[in-house]
Amino acid sequence: MSRKLNFSAGPCAIPLEVLEEMQSNMSDYQGNGISLVEVSHRHKFYDDVHNEAISLFKELMNIPDNYSILFLGGGATLAFSMIPMNFLTPGKTADYVNSGTWAKKAIDDAKKIGKVNVVFDGKEGAYSSLPAVSELSASPDSAYFHFTSNETIGGIQWKEWPELGDIPVICDMSSDIMSREIDVSKFAMIYGGVQKNLGPAGAAFMIIRNDLLERSPDTLTAYLNYKIHADKGSMYNTPPVFTIWGVKLFLEWVKRNGGVPAMSALADKKSKMIYDLIDSGDFYRSPVDSAFRSTMNLVFRLPSEELEAKFVKEASANGMMFLKGHRSVGGCRASLYNGVPVSAVETLVDFMKDFSVKNG
Ligand code: PMP
């Protein structure tokens, strides 16, 4: 079988080893004559997978003991409303940075729940840059400070973290989780969809500091209450068992391959290969502030939209898939998540060089 090179923004590349492991255990889980996805989620088979996924998460990210880890349905999108429902206490203000499409969605949902203050709005600058962390401040009555570590569509990424004293910092890390080393203790909550760097689609992860969970109001219905999920070890209701199994196998792969430090070094290496090419001439152009270029979602433009369409088409014909930019911004985008091997990026760089020579 000849596999395509997958540059999709999500769901996206999963290491072949992980897919093959799922395939070989799909109908007969570890020789038990039954599939993992057809037994109760309370069965030992699944229980082991669930606990292992959580403990690998803790180990790989050095998560301190006073944090709970959840895997819930509804994606990061449901978290956009659950976060203010749980943590935006009455009379307080939630501070948000508007860095692009995903931050804006979080803001729009939070506004329906309570008072929101937008501390920085990147709209005027076409979301091509981010504020310096030293310029950031929160409202005097701030309930929490929310930002998006990597804008998957705009291709911008924070390089430093906001320091706001006692104000809980909440971060959507959907598209760069485990691609960089972070000090979890700087955050009150980190969350995101698993379908970029951690496994197949179908769940969102939440890392929540336990003191924040004390805010979850009893008036919330059960599923919307993070504290209930945490108290039940993320097993209040039937978890997305297939997805979490995939996450567990993906995290084992991350561990086998050197953990987050190795993923981080690879992310730097892979993205540098493409940014160096972009900067080496004037055929390709990066529309984002070079200080905040994403190592995960590399957006770039060609001299014309016609050439962009030709580029995407020819790349695809050569086995390099999903290089079209998001429909809202146009251009091209190569997503280089953890599951994308260096060899795929080498092939893409060669193709980009060749394309610029032929069409420049
Ligand atoms: N935040 C970011 C940064 C994203 O990239 C996405 C999905 N692309 C989301 C949130 C929404 O995630 P989901 O589709 O899992 O709800």
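Evaluation of Glu181 against the conditions (1) farther than 30 Å from Glu20 by Cβ; (2) away from the ligand (no atom under 16 Å from the Cβ); (3) assigned to a loop (DSSP other than H, G, I, E, B) shows that the sole unmet condition is (1). The set of residues from the range 94-110 being touching a helix residue (DSSP H, G or I) at 6+ places or on another chain (Cβ under 7 Å) and in a helix (DSSP H, G or I) comprises Lys105, Ala106, Asp109, Ala110. Among the residues of the range 150-172, which ones are within 14 Å of the ligand (Cβ to nearest atom) and either within 20 Å of Phe7 (Cβ to Cβ) or open to solvent by 10 Å² or more (accessible area, probe 1.4 Å) (or both)? Listed by number, the residues that qualify are Asn150, Glu151, Thr152, Ile153, Gly154, Gly155, Ile156, Gln157. One residue is enough: does the range 66-77 have a residue meeting the conditions over 22 Å from the mean Cα position of the chain (by Cα), within 20 Å of Ile177 (Cβ to Cβ) and not hydroxyl-bearing (Ser, Thr, Tyr)? Scanning the range 66-77, I find at least one residue that is over 22 Å from the mean Cα position of the chain (by Cα), within 20 Å of Ile177 (Cβ to Cβ) and not hydroxyl-bearing (Ser, Thr, Tyr), so the answer is yes.
Pairing residues of the range 259-280 that are assigned to a helix (DSSP H, G or I) and aliphatic (A, V, I, L, M) with residues that are open to solvent by 50 Å² or more (accessible area, probe 1.4 Å) and at pLDDT 95 or above, at Cβ distances under 6 Å and at least 6 apart in sequence or on separate chains, gives Val260/Glu181.
State yes or no: is Thr219 open to solvent by 20 Å² or more (accessible area, probe 1.4 Å), polar (S, T, N, Q) and over 21 Å from Asn66 (Cβ atoms)? Yes, satisfied. Against the test of being modelled with pLDDT under 95 and away from the ligand (no atom under 14 Å from the Cβ), the options Ser137, Ser142, Ser129 yield a single qualifying residue, Ser137. The number of residues in the range 3-46 that are within 16 Å of the ligand (Cβ to nearest atom) and among the aliphatic types (A, V, I, L, M) comes to 3.
Looking at the range 296-324 only, could you name the residues that are in contact (Cβ under 8 Å) with a residue 60 or more places away in the chain, open to solvent by less than 20 Å² (accessible area, probe 1.4 Å) and part of a loop (DSSP other than H, G, I, E, B)? Residues satisfying the conditions are Met296, Gly319, Leu323.
For Gly330, the requirement of being open to solvent by 70 Å² or more (accessible area, probe 1.4 Å) and farther than 20 Å from Leu130 by Cα is not met. In the range 89-117, the residues that are touching a residue at least 60 places away in the same chain (Cβ under 8 Å) and under 22 Å from Ser129 (Cβ atoms) reach residues that are in a strand (DSSP E or B) and among the charged types (D, E, K, R) with C-beta atoms within less than 8 angstrom, at least six apart or across chains, in these pairs: Thr101/Glu151; Trp102/Glu151; Trp102/Asp172; Ala103/Glu151; Ala103/Asp172; Ala106/Asp172. Of all residues in the range 296-305, at least one satisfies being touching an Asp or Glu at 6+ places or on another chain (Cβ under 8 Å) and charged (D, E, K, R).
Summed over the range 334-360, the residues that are open to solvent by less than 20 Å² (accessible area, probe 1.4 Å) and touching a residue at least 60 places away in the same chain (Cβ under 8 Å) give a count of 12. For the residues Ser175, Ser185, the requirement of being open to solvent by less than 40 Å² (accessible area, probe 1.4 Å) and of a type in the set (S, T, N, Q) singles out Ser175.
Across the range 228-276, the number of residues qualifying as among the aliphatic types (A, V, I, L, M), under 25 Å from Arg333 (Cβ atoms) and under 19 Å from the mean Cα position of the chain (by Cα) comes to 8.
The values are calculated or read from the model by the stated rules, or taken from the named source; none is laboratory data. A quick note: this is a predicted structure, and the numbers were derived from the prediction, not measured. So basically every Cβ, Gly included, is an ideal-geometry build from the backbone, and we count neighbours across all protein chains shown. With ligands, DNA and RNA removed, areas are computed over all heavy atoms of the protein, side chains included. Shrake-Rupley method; radii C 1.70, N 1.55, O 1.52, S 1.80 Å.
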